[in-house]
Amino acid sequence: MTQRDYKWLIRLFPGRWQDRYGQEFLELLDVEGLSAAAIFDIFKTIMLEWIVTLSAPRMYAMLAGPKQMITLSTKPSGALPLLMSLTALLIAVVYIATTGGQHQADEGAAAHIFQLMVVGQVPIIGFFLLRWIRTYPMACLGVVSRQILALVAALLPVWIYRL
C-alpha cells in the first residue's frame, strides 16, 4: 500500500496530532505495513488521542489545583470506584477469555460480582460528589469524570459481547 492509501487512517486522529505526527506515521506505515496487531494498536491510540484532545480544555480549568485533585483521588470515596471498575473490567475480560463470550443459561457468580461492582459504585460516587463538590468543585468534577470513564470502560466489553 502507498501513503495515499494510508491517509484515510490519519484522518481519524485529532487535527493537532495529524499536524505533528501525520507525516512520520505515513512513513512508518510505508516501512512496517499493517498487521492485525498494528491495526488494534492504531485504533486504541486513536481513541486515547481523542480522549486527551476532548478533555484537554476542561483539564486546564480543573488543574487550577492539581494537588487538590490528587488529594481527592486518594480519598476512599475517590479511589474505591476506580478499583471497583478495574475489578469489574477484570471479571469481564476473564469471563470472555474463558468462555469466548458465549451466553450461558445461568449467569453465574462472575456476572453477579460484576453487577455488584458496577451498581455499588453509584452511591459511592454520589457520596463523593456531595462531600467534595462545594469544597473543591473543579477537582471533584475531574475525579468524578475519571470514575465515570472507568465505569464505561468496565461496561464496554459487556456491551460489545452482548453479555
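Among the numbered conditions (1) touching a Gly at 6+ places or on another chain (Cβ under 7 Å); (2) under 19 Å from LEU72 (Cα atoms), the only one that TYR161 does not meet is (2).
Could you count how many residues in the range 91-112 are in contact (Cβ under 8 Å) with a residue 24 or more places away in the chain, part of a helix (DSSP H, G or I) and of a type outside the set (Gly, Ala, Ser)? Going through the range 91-112 one residue at a time, the tally reaches 4. Of all the residues in the range 137-163, those that are surrounded by fewer than 19 Cβ atoms within 10 Å (Cβ to Cβ) and closer than 18 Å to GLN68 by Cβ number 5. Candidates ALA110, ALA88, ALA92: the one that is more than 28 Å from GLN68 (Cα to Cα), surrounded by 18 or more Cβ atoms within 10 Å (Cβ to Cβ), at pLDDT 85 or above and in contact with a Phe, Trp or Tyr (Cβ under 8 Å, 6 or more places away or on another chain) is ALA92.
The values are calculated or read from the model by the stated rules, or taken from the named source; none is laboratory data. Please read all numbers here as calculations on a predicted model, not as lab measurements. Methodologically, a virtual Cβ is constructed for each residue, glycine included, from the backbone with ideal geometry; neighbour enumeration extends over all protein chains shown.
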